[in-house]
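The values are calculated or read from the model by the stated rules, or taken from the named source; none is laboratory data. None of these values were measured; they are calculated from a predicted model. As a convention, Cβ positions derive from the backbone with ideal geometry for all residues, glycine included, and neighbour counts pool all protein chains shown. Quick note on the areas: whole protein, heavy atoms, side chains included, nothing else; ligands and nucleic acids left out. Shrake-Rupley method; radii C 1.70, N 1.55, O 1.52, S 1.80 Å.
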Amino acid sequence: MNPEAWTAVDEYFAERLLERDRGFAALLAANAAAGLPEIDVSPLQGKLLHLLARAMGARRVLEIGTLGGYSTLWLARAVGEGGLVISLEYQLRHAEVARANLARAGVADRVDVRAGAALDLLPKVEARREGPFDLVFIDADKSNQDVYLAWALRLSRPGTVIIGDNVVRDGEVLDADSVNPAVQGIRRFVDLLASEPRLSATAIQTAGAKGWDGFAFAVVD
Ligand code: SAH
Ligand code: DHB
Ligand code: MG
């Protein structure tokens, strides 16, 4: 492993392929000032989410796990004016920082950050008939990753894309006997991806500024 080289390669691509700012740098600076953990997706990963959403013409996005709204901003820029990103965040403080960040970035009109435990908020999303979503990004507490996948399916239509973050965890995903609830949650999530007949899925490992990790990507049939 050579994490320094991974980071240098990320910087090389980011320097060439990412637009200057558009509010992302200010958002990360505000997160740091507020003391939020630096566990957002990387800039190149954020743009991948953005491009996937744009490529499929996503207008309604559901995100589980907002933090300071970094991935949320990439998705909000993809859904365009009149689009909607609903993002669920357990920590009230994270939600408040995210709301301020997203307002400053000029996307308050298309982002709805809701504070609370996702398992309390998801039934309300369903009851209010706010689905189906075009794209769901699952990036909250990994011990519930499989439960969030089941919810994403309930709030889906044929063609919905579901993306799950942090499915590799430095290779820890291989450890079937892990006592880490996050690893067990990811493994149940992978089992559900495999067994659910309505889902076609793959997983991609990533090495970069955020270490060795990966995304799972699924389409609802
Ligand atoms: N998607 C963000 C990073 C999210 S980090 C980005 O890439 O920018 C994971 C977030 O999930 C944290 O802010 C954490 O507070 C939140 N979280 C943890 N448990 C949760 C739960 N039960 N419901 C909703 N959010 C939760
Ligand atoms: C953690 C959470 C994430 O969503 C992530 O991308 C990286 C780390 C964490 O809880 O440590
Ligand atoms: Mg993550």
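State, to one decimal in nm, how far the label point of Asp221 lies from the label point of Ala108, with both points 7 Å from Cα in the Cβ direction.
For the pair Asp221/Ala108, the computed spacing is 4.5 nm.
Report, in deg cm²/dmol and to the nearest 500, the calculated mean residue ellipticity at 222 nm for the chain, where each DSSP H run with n ≥ 4 adds -39500 (n - 2.57) and the sum is divided by the residue count.
-13500 deg cm²/dmol
Please report Rg over Rh for the stretch 171-213, where both radii come from the alpha carbon positions and Rh follows the Kirkwood definition.
Rounded to two decimals, Rg over Rh is 1.02.
Rounding to the nearest 20 debye, state how big the charge dipole of the chain is about its Cα centre with +1 on each Lys and Arg Cβ and -1 on each Asp and Glu Cβ. Mind dumping the intermediate values first?
Working: 24 positive and 30 negative charges, 175 e Å.
With only Lys, Arg, Asp and Glu charged at Cβ, the dipole is about 840 debye.
Can you list residues from other chains, or at least 5 along the same chain, whose modelled amide H is less than 5 Å from the amide H of Leu199?
For Leu199, the qualifying residues are Asp221.
Write out the GluC sites (Glu not before Pro) in the stretch 69-127 meeting two conditions: DSSP loop, and at most 16 other Cβ atoms within 10 Å of their Cβ.
Glu81
What list of ³J(HN,Hα) couplings, whole Hz, do you get for the stretch 131-143 from phi and the Karplus terms 6.51, -1.76, 1.60, once you set θ to phi - 60° and write x for glycine and proline?
Along the stretch 131-143, the couplings run x, x, 9, 7, 9, 10, 10, 9, 8, 10, 6, 6, 5 Hz.
Considering only DSSP beta bridges with both partners in the chain, what is the antiparallel share in %, to the nearest 5? Spell out each step's value before the answer.
Numbers: 14 of 32 bridges.
The antiparallel fraction comes to roughly 45 percent.
State in Å² the accessible area per residue of the chain; use a 1.4 Å probe, count heavy atoms of protein chains only, and round to the nearest integer.
47
Rounded, prolate or oblate: which one fits the stretch 17-94, using the alpha carbon gyration tensor with axes a ≥ b ≥ c (rounded when a/c is under 1.5, else prolate when a/b beats b/c, else oblate)?
Working: a/c = 2.05, a/b = 1.31, b/c = 1.57.
Taking the square roots of the gyration eigenvalues as a ≥ b ≥ c, the stretch 17-94 is oblate.
Can you give the FRET efficiency to the nearest 0.05 for Glu19 and Arg54, using r as the Cβ-Cβ distance and R₀ = 22 Å?
0.95
Rounded to whole Å, give me the distance from the Cα center of the stretch 170-215 to that of the stretch 33-58.
So the separation of the two Cα centres works out to 19 Å.
About the Cα centre of the stretch 1-111, how large is the charge dipole given +1 on each Lys and Arg Cβ and -1 on each Asp and Glu Cβ? Please answer in debye to the nearest 20.
On the way: 12 positive and 13 negative charges, 97 e Å.
Here the stretch 1-111 has a charge dipole of around 460 debye.
Please arrange Tyr90, Tyr12 by accessible surface area, largest first, computed with a 1.4 Å probe and ligands excluded.
The ordering from most to least exposed comes out as Tyr90, Tyr12.
Would you mind checking which residues have amide H under 5 Å from Val113's amide H? H placed 1.01 Å from N; only 5 or more apart, or other chain.
Ser87
Take Lys210, Lys47 and sort them by solvent-accessible surface of the protein heavy atoms, 1.4 Å probe, largest at the top.
Greatest to least solvent exposure: Lys210, Lys47.
Using only the Cα atoms of the stretch 92-193, what are the Rg and Dmax in Å?
Answer for the stretch 92-193, Rg first and Dmax second: 15.3, 46 Å.
When the accessible area of the stretch 1-159 is split by element with a 1.4 Å probe, what percent falls to carbon and sulfur?
Carbon with sulfur: 54 percent of the solvent-accessible area.
Using the Karplus equation 6.51 cos²θ - 1.76 cosθ + 1.60 (θ = phi - 60°), what ³J(HN,Hα) coupling, rounded to whole Hz, does each residue of the stretch 208-221 give in order, writing x for Gly and Pro?
Once rounded to whole Hz, the list reads x, 4, 9, x, 9, 7, x, 10, 9, 9, 9, 10, 7, 7.
Express the Stokes-Einstein translational diffusion coefficient of the chain in µm² s⁻¹, to the nearest whole number, given a Kirkwood radius over alpha-carbon pairs, 37 °C and a viscosity of 0.692 mPa s.
Rounded, D is 187 µm²/s.
May I ask you to list the lysines whose Cα is less than 18 Å away from that of Lys142, ignoring any residue fewer than eight positions away on the same chain?
Lys210
As a test question: what accessible area, to the nearest 10 Å², does Val147 have when a 1.4 Å probe is rolled over all protein chains in place?
Val147 has an accessible surface of roughly 50 Å² with all protein chains in place.
Provide the FRET efficiency to the nearest 0.05 for the Asn2-Asp175 pair, computing r from the beta carbons and using R0 = 22 Å.
About 0.45, to the nearest 0.05.
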